[in-house]
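Step one of this worksheet: look at the structure below.
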Amino acid sequence: MSWVGGAVAVGLLLAGCGGAGDGTGDGTARLTISANAVAGGKNAEEAAWIEEWVIPRFEQEQAARGVEVSVSFEPSGVDDEQYKTKTALDLQAGAGPDIITLDGIWVGEFAQAGYIEPLDAAQLAWDGWEHIPEAVRQLAGFEGELYGIPWGTDGRVLYYHKGLFAEAGLPTDWQPRSWEDILAAGRALAALDEVIPIQLNGGTAMGEATTMQGVLPLLAGAGAPIHDGTRWLGAGPELEAVLGLYADVYGGGLGDPLLQQEAQGRDKSFQRFAEGRVGILAEGDYLWRGVLDPDSGTAPMADRDTAVGYAKIPALTPGAGAGGQNFVSMSGGSVRVLNPAGDHPELASELLAFMNSAEALQAATDGQDARITARTDVNEIVLAGDPMLSFVADEVLPLTFYRPPLAEYPQVSLLLQEATARVISGTDPATAARTYQDALTEVVGGAEHIAGR
Amino acid sequence: MPSTSPGGDAAGLGRLRAALFTAPALLLIVAFLLFPALWTLYLGVTDYRLTGLAAADPSTVGLDNFERALNEDRFTDSLWLTVQFVIGSAVLGQALLGFTIAWLLRERTGVLRRLVEALVLLAWILPSSVVAFLWIALLDRDDGTLNALLGTPGTAWLLEHPMASIIVFNIWRGTAFSMMLYAAALGNVPPSQLETARLAGASTWQQLRDVVLPRIKGHVLTNLLLISLWTFNDFTPFLLTGGGPDNRTEIMPVLLYRTALHGGELGYGAALSVLMLLANLVIALVYVRLLRSRTKEPAA
């Protein structure tokens, strides 16, 4: 009777191929939301907000209008690159959650691949847009179209441990004005035992954290953003200056080269900073609200508010930053998009708008979890209680830069990470810069896409 | 067409009914083996990507991917690392250690034997993710067990000796199979022959070389064939080192994963997997030839 079994198996297979059933047998529409957030782990507040606020309220609201809808949350708690891969595979297969949270920088390549679609006229008429500034809107933009709704933005600063600064005889209200000021503080901190003076993310194991918290703000501080609107930045004095700073830090005993290579290096750097074993740490405001938060952080610091200082990232020398700026920063942010393969596009669209309403964002950032949202009307209310985030919103965001929303960016970013890795393991900056330039020419498709030299 | 002659059709089914019986199995093979293999070959000659323009509209690039792989240091480095990993952890490590354990335990019974076998087997049957977590805890720089045992605080084993670390890890992980296979093989060696050799004054080494090895040569080759192929395709070291530091543990499966999924270059990744398949075939061919020459020997 084995052929019966075989035939059944084949039958099941064929049924499996056709079935992307939406489970609407009982008349209930099912929607799924995904984000790189998970209860008890990464971005725990976001996960809690989706599960405890968004889902029940949306279901209630729809039920009141006679629509039976059941929303579920698909959590993740992994590195951004892994989350991106998973999401891209989902979308490529025409499957995946109905509402997907993406890093704004992925919008371009996902749009080019046809995985996500531009918003339609009705979605563009949403009343929330007037509260989202143009620069922030562009997080969801690609080639003149909007593909989703940005929900938050961020900024990068230099964090420093006030206790260690006091021990090393440094001022506890520190604001460096040049890279030399940073190195000088690092040298003073090097006198302390068991302390990493400066943690400047480098190497490939840190992934995008190397580019976003290290190379890009430094490049802006050296006077040249990575992309000038038409061409990519090649080897030259700016890149050599940036790589030179890595050489000074990691060749001069001011940083821990091994930490940049460890698979869990970034998490360890957080842990050590929280333990008071790192002097200066370049990071985004995520560190403050997601990592060091005394109640819900992944490396909580009970005395965060008094022990941790923050300063703007200075240009190489005053006025040397891009556009003649004295201080610089980099910003990104996440965007929620609709899955074009969803079974209930209209309901999903309503859910997306609901998740970005002033009321919802206010609930998301209520109490302990203040964060910089995309909406100015919400920021005015929720940031008032958090000096650090107000500092970012008021002083850092006006002087910040964004990454170019181009499909080549992830590869360029990887090349920059590799350049820092080489410098950290002893290659001289000029050689590393030349290697970068050679690889860059291949990635961006020819020398005509590279600025100068 | 009646074809029920006893010589050609033992079951007496007839061609049509025989074909019907095999059809489900053949369909499964086509669906799950043949089609994916051909599809991989096709992807290997395109510039298909996970995201971006080439995801929506891939174009054929001929043999560029293969040419790029063979010219790229990263590929040749990875191949060399894989060879080191296979020879170090499988051919030398697992096979020798497995044999040693089997040899030492061959005449023992009781608690000791059961304990050793249980421990070695445990390393084999635990899930990879669990094992990887244990080894990270063992080798960790800050609070690692190994550093505490050796009194070497601050030694980052996975960073300073990455290849040695994953080789030792894989020996520990996979020795059970060799041990069990050799234990069974040693049971086939007639005790009388060993006894005779011993009475004739043969040393342990001479007994192994002249009595045991000729008897179990087939088992040795089969074992080496299997563990070489498994190790060649093993992805578990990725859980320990992520292919780092500086790609120094980027063996072929890791390179493939990082290229195709992390880097999104699905076309190039497919080309790499074809090359990996070829490498597997070469390994298999070498062993099969050795096995065949062995079976011919007694006849000649």
Please determine, by comparing only the residues of region A:401-453 that are within 26 Å of the chain's Cα centre (by Cα) and among the charged types (D, E, K, R), which one is modelled with the lowest pLDDT.
-> A:Glu408
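So that you can scan it fast, the table gives a plain yes or no per residue for (1) among the polar types (S, T, N, Q); (2) buried (at least 20 other Cβ atoms within 10 Å of the Cβ); (3) in contact with a Lys or Arg (Cβ under 8 Å, 6 or more places away or on another chain):
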residue: B:Ala137; (1), (2), (3): no, no, no
residue: B:Ala148; (1), (2), (3): no, no, no
residue: B:Glu160; (1), (2), (3): no, no, no
residue: B:Val168; (1), (2), (3): no, no, no
residue: B:Ile171; (1), (2), (3): no, yes, no
residue: B:Thr175; (1), (2), (3): yes, yes, no
residue: B:Tyr182; (1), (2), (3): no, yes, no
residue: B:Leu186; (1), (2), (3): no, no, yes
Touching a Lys or Arg at 6+ places or on another chain (Cβ under 6 Å), among the aliphatic types (A, V, I, L, M) and surrounded by 14 or more Cβ atoms within 10 Å (Cβ to Cβ): does that describe B:Ala132?
-> no
Please enumerate the residues belonging to region B:56-83 that are closer than 20 Å to B:Asn170 by Cα and loosely packed, with under 14 Cβ neighbours inside 10 Å.
-> B:Trp80
Under 9 Å by Cβ, and 6 or more places apart or on different chains, what pairs join a residue from region B:264-291 that is within 14 Å of chain A (Cβ to nearest Cβ) with one that is outside any helix (DSSP H, G or I) and β-branched (Val, Ile, Thr)?
-> B:Gly264/B:Thr51; B:Leu266/B:Thr46; B:Gly267/B:Val45; B:Gly267/B:Thr46; B:Gly267/B:Val61
Is it true that A:Gly229 is under 23 Å from A:Val444 (Cα atoms), open to solvent by less than 50 Å² (accessible area, probe 1.4 Å) and part of a loop (DSSP other than H, G, I, E, B)?
-> no
Of these, A:Leu139, A:Leu158, A:Leu170, which one is part of a helix (DSSP H, G or I) and of a type in the set (A, V, I, L, M)?
-> A:Leu139
State whether one or more residues within region A:165-176 are more than 14 Å from every other protein chain (Cβ to nearest Cβ), touching a strand residue (DSSP E or B) at 6+ places or on another chain (Cβ under 7 Å) and among the aliphatic types (A, V, I, L, M).
-> no
Evaluate the following for A:Arg277: is it among the basic types (Lys, Arg) and out of contact with any strand residue (DSSP E or B) (no Cβ under 9 Å at 6 or more places or on another chain)?
-> no
Pull up region B:212-259, narrow it to residues that are of a type in the set (Ser, Thr, Tyr), within 14 Å of another protein chain (Cβ to nearest Cβ) and part of a helix (DSSP H, G or I), then point me to the one that is surrounded by the fewest Cβ atoms within 10 Å (Cβ to Cβ).
-> B:Tyr257
How many of the residues in region B:37-55 are within 14 Å of chain A (Cβ to nearest Cβ) and loosely packed, with under 14 Cβ neighbours inside 10 Å?
-> 0
How many residues does region A:245-271 contain that are open to solvent by 20 Å² or more (accessible area, probe 1.4 Å) and either part of a helix (DSSP H, G or I) or within 14 Å of chain B (Cβ to nearest Cβ) (or both)?
-> 14
Looking at A:Gly426, A:Gly385, which is the one that is outside the structural domain of A:Pro133 (by TED's automatic domain parsing) and surrounded by fewer than 16 Cβ atoms within 10 Å (Cβ to Cβ)?
-> A:Gly426
Considering only helices (runs of 4 or more DSSP H) wholly within region A:359-434, the ones with at least 2 residues that are under 22 Å from A:Gly207 (Cβ atoms) are A:409-424
Say we look at region B:141-167 and pick out the residues that are among the β-branched types (Val, Ile, Thr) and without any contact (Cβ under 8 Å) to a residue 24 or more places away in the chain; which of these is farthest from the other protein chains (Cβ to nearest Cβ)?
-> B:Thr145
Select, from A:Pro405, A:Pro429, A:Pro387, the only residue that is out of contact with any Ser or Thr (no Cβ under 8 Å at 6 or more places or on another chain) and under 30 Å from A:Leu124 (Cα atoms).
-> A:Pro405
Can you give me the ranges of the helices (runs of 4 or more DSSP H) entirely in region A:74-124 with at least 1 residues that are within 11 Å of chain B (Cβ to nearest Cβ)?
-> A:80-92, A:107-112
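The values are calculated or read from the model by the stated rules, or taken from the named source; none is laboratory data. Note that the coordinates shown come from a computational prediction; the quantities given were computed from them, not determined experimentally. Don't worry about glycine lacking a Cβ; one is built from the backbone with ideal geometry, like all the others, and counts go over all protein chains shown. Only protein heavy atoms, including side chains, enter the accessible area calculation; ligands, DNA and RNA are left aside. Shrake-Rupley method; radii C 1.70, N 1.55, O 1.52, S 1.80 Å.
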